[in-house]
Amino acid sequence: MTNNYELYKVFYWAAKTGSLSQAAKSLYLTQPSVSHAIKQLEDSLGLTLFYRTSKGVTLTQEGTVLYSYIEQSQMLITLAEEKMSALKNLDSGELRIGGSDSLFKHFLLPYLERFHRTYPGIRLHLNHGTTPEIITFLKEGRIDMGVVRMPIVDTQLTVKESLQLQDCFVAGAAFSGLKDRVLSMEELLEYPIILFSRNSRARMAITELFRGYGHKIKPGIEVGSVDLLIEFARKGLGISYVAREFIARELADGSLFEIRLDVQLPPSHVGIMTLRSVPLSSSASKFIELIQ
């Protein structure tokens, strides 16, 4: 059975063209099908919508009133279709990503730049936060994806590994006497240690590693950003624990050097986190493709 929307679409084209045959041509229907659809609509409304003339059809007064509403709805449908096409082609829309300052700056920035150059019509929204905050943002629908350190264990989330990081201890010129030495954990703990705040994955990982060897790592300074970890180490305030990938420039120019330990520090992994039950937008899917 033809639904009301189809009947109104036939009515719209008949009124717009003033011809049943033209309406049939526009809709790829037969003229008898158009005539039948209009009769169905008139019967369901209990009104006559068209006068039939030798030249075609003209609207009755009631038909004119109906057309004024249907015309607006068709315009909105057309606009909606154009909007959907723009979203599909990434000409408009938005991309909302959650992550830490350090991952935005040291990992995502080149991808964000490339994505923006390729799809300038997509608005970028970056939400900063800790891993628990990013998970909350995602579940509340405030972001499309999160970029976080793994592991993440949550049945509501899908996490795809994207990057491996190698954390290490680094120091500046004030500790240059340590350059050619291999330190034990006990020896390292004799020096002032600078660590990221307690709720970071890196902080939890190094705490667990030292605990596994029977040591408690107690920082002399705690900071809330990777930039401060780097800067405090450069200034000689202590030995910082930071991802080697985030300090490539400082290691290259010699303003920082890596402290070698007699134990292997485990690598960590960055994952792209999405909500399992929610389909990705075109922009989010394209950005994930770009990263991977």
Task: the stretch 1-79, accessible surface, carbon-and-sulfur percent (1.4 angstrom probe) - done: 57
TODO: Give the longest segment of the chain that steers clear of GluC sites (Glu not before Pro) in DSSP loops with at most 14 neighbouring Cβ atoms within 10 Å, not counting the sites themselves.
DONE: 1-139
TODO: Specify the angular offset, from 0 to 90 degrees and rounded to the nearest 10, of the alpha carbon long axis of helix 31-45 from the longest principal axis of the alpha carbons in the chain.
DONE: 90
- [ ] Over 27 Å between C-alpha atoms is what I'm after, so list which of K105/K286; K25/K88; K160/K218; K105/K216; K39/K83; K9/K83 land there.
- [x] K25/K88; K160/K218; K105/K216; K39/K83
Open item on the list: Rounding to the nearest 10 and keeping the result within 0 to 90°, find how far the Cα-based axis of helix 109-118 lies from the longest principal axis of the chain.
Closed with: 20
Task: Probe 1.4 Å, protein heavy atoms only - accessible area per residue of the stretch 63-139 in square angstrom - done: 58
Task: In Å, descending, principal axis extents of the Cα set of the stretch 155-246 - done: 48, 30, 23
TODO: Let me know the charge dipole size of the chain about its Cα centre in debye, to the nearest 20, where only the beta-carbon of Lys, Arg (+1) and Asp, Glu (-1) is charged.
DONE: 460
- [ ] Average the reciprocal distances over every distinct pair of alpha-carbons in the stretch 13-64, invert the result, and give the Kirkwood radius in Å.
- [x] 10.9
Task: Dimensionless Rg ratio for the chain, taking C-alpha atoms and the 2.2 N^0.38 Å reference - done: 1.68
Task: Accessible area of the stretch 101-222 belonging to carbon and sulfur atoms, whole % at 1.4 Å probe - done: 50
Open item on the list: Using +1 at the C-beta of Lys and Arg and -1 at the C-beta of Asp and Glu, which of S184, V159, I217 has the Cα lying farthest in the positive direction of the dipole of the chain?
Closed with: V159
Task: Accessible area, probe 1.4 Å, largest first, for residues K179, K55 - done: K55, K179
TODO: Express the carbon and sulfur contribution to the solvent-accessible surface of the stretch 224-286 as a percent, rounded to the nearest whole number, probe 1.4 angstrom.
DONE: 52
TODO: Stick to Cα atoms and the Kirkwood definition of Rh, then tell me Rg/Rh for the stretch 1-106.
DONE: 1.30
- [ ] Using only Cα atoms, tell me the angle between helix 61-88 and the longest principal axis of the chain; keep it within 0 to 90° and round to the nearest 10.
- [x] 30
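The values are calculated or read from the model by the stated rules, or taken from the named source; none is laboratory data. Treat the numbers as computed from the prediction; the structure is a model and nothing was measured. FYI the Cβ positions are ideal-geometry reconstructions off the backbone, even for glycines, and counts take in every protein chain you see. All accessible areas refer to the heavy atoms of the entire protein, side chains included, with ligands and DNA or RNA removed. Shrake-Rupley method; radii C 1.70, N 1.55, O 1.52, S 1.80 Å.
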